[in-house]
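What follows is a set of notes on a single structure, which appears directly below.
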Amino acid sequence: MPYDVVTFGEAMIRLSPPNFRRLEQARSLDVQVGGAELNTAVGLARLGRSSAWVSRLTNNPLGRLIANHAREAGVSTEHMIWTSDDRVGLYFLEFGATPRASSVLYDRKNAAIASVRPGMIPWAAICAGTKWFHVTGITPGLSASAAATTKEALQTAKEAGVQTSVDLNYRAKLWSQTDAGRCMQELMPWCDVLITTEEDLERVFGIHGKSYDEAAERAAHRFKLKIVAITVRDNPLVWRNRWTAIAWRDGQVLRTREYELEIVDRLGAGDSFAAGLIHGLLDGDLQKGLDWGVAASALKHTIPGDFNWVTPDEVQAVLKGGELRISR
């Protein structure tokens, strides 16, 4: 069936020691599921959009665990590529506190998604009737064949008249800035909306400006993008940040409210912003997308795990300046 949004990428099992313990201290681990594109699909499903997530998973209990979590959150896995080969990726998250930052340890080498290749996924059939396609810079960083498949997906989506977005999402533990820049530049001709941070723009494309507005405009002009959205984080403390975003379109810059956050879990916040932004753009309203993206991602910071378990009513309440008294 056609969907409002289709996303493509890796999801992993997330394992975290409780109570701020180091991995070396761990005697038990909390189990979650997360991956940038799946997180975005979940965020859109929670906002009332139909979404599907495409990936390649090993058909074992860990792969089925990931797919089960996706479906539980309202995301279709009907286009999943299942394999008896390879493995499911893991990542270990240590929660820090000032002055010790939180940190991630990956165990994802030879994960099933890294062996995806062009021709393996029926993109034309998946894109038929779909309104939006979303991917991040994590997926092409997994392997050369994953990069080629990402390009194939974006090209097919554009040929089918589907709107496309790319979250730059640079990961230094996956590839070098030079390799990321070379690959991501090749994908930009098929990208309508670029989502990024100021730091990633400079690391991947060497683009910087005197302001966020100027950096966004330079990226838009270089790659002929319709929209460039930049998330802005000020983090004086590990668990206390300020959060907002800007969006450039046709020479104009849109802004939205800045939120002061008490953070429970920041992983997946950028993906929640992408979901809210796409939600608004599906209604043809960039300001709504910016407002909903920042509000939804502000709420995500308060929720354990990678998924954003919010409702549209909760996002609207935050947008209206909802109070912090206990709800009862």
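Bear in mind these aren't lab numbers, they're just calculated from the coordinates by the rules spelled out. Bear in mind that the values here come from a model prediction, so they are computed numbers and not experimental data. Neighbour counts are summed over all protein chains in view; Cβ atoms, including those assigned to glycine, are modelled from backbone coordinates with ideal geometry.
Going by a ≥ b ≥ c, the root eigenvalues of the Cα gyration tensor, does the range 101-211 fall in the rounded group (a/c under 1.5), the prolate group (a/b larger than b/c) or the oblate group? Cα axes put the range 101-211 in the oblate bin. Taking packing as the residue-averaged number of other Cβ atoms within 10 angstrom, the listed peptides 218-227, 200-209, 47-56, 16-25 run from highest to lowest as 47-56, 200-209, 218-227, 16-25.
With each label modelled as a point 7 angstrom along the Cα→C-beta vector, the D250-K224 pair spans 1.9 nm.
Residues L174, L299, L90, ranked from the fewest to the most other C-beta atoms within 10 Å, line up as L90, L174, L299.
Modelled label positions at W82 and E314, each set 7 Å beyond Cα in the direction of Cβ, lie 3.1 nm from each other. With a Förster radius of 22 Å applied to the C-beta separation of R171 and E24, the computed FRET efficiency comes to 0.40. With the helix formula -39500 (n - 2.57) applied to DSSP H stretches of n ≥ 4, the chain reaches a computed 222 nm mean residue ellipticity of -10500 deg cm²/dmol.
In percent, what relative contact order does the chain have, based on Cα pairs under 8 Å that are 6 or more apart in sequence? Before the final figure, lay out the partial values.
Numbers: 720 pairs, mean separation 50.1, N = 328.
Value for the chain: 15 percent.
On the beta carbon distance between N235 and D285, with R0 = 25 Å, the FRET formula returns roughly 0.25.
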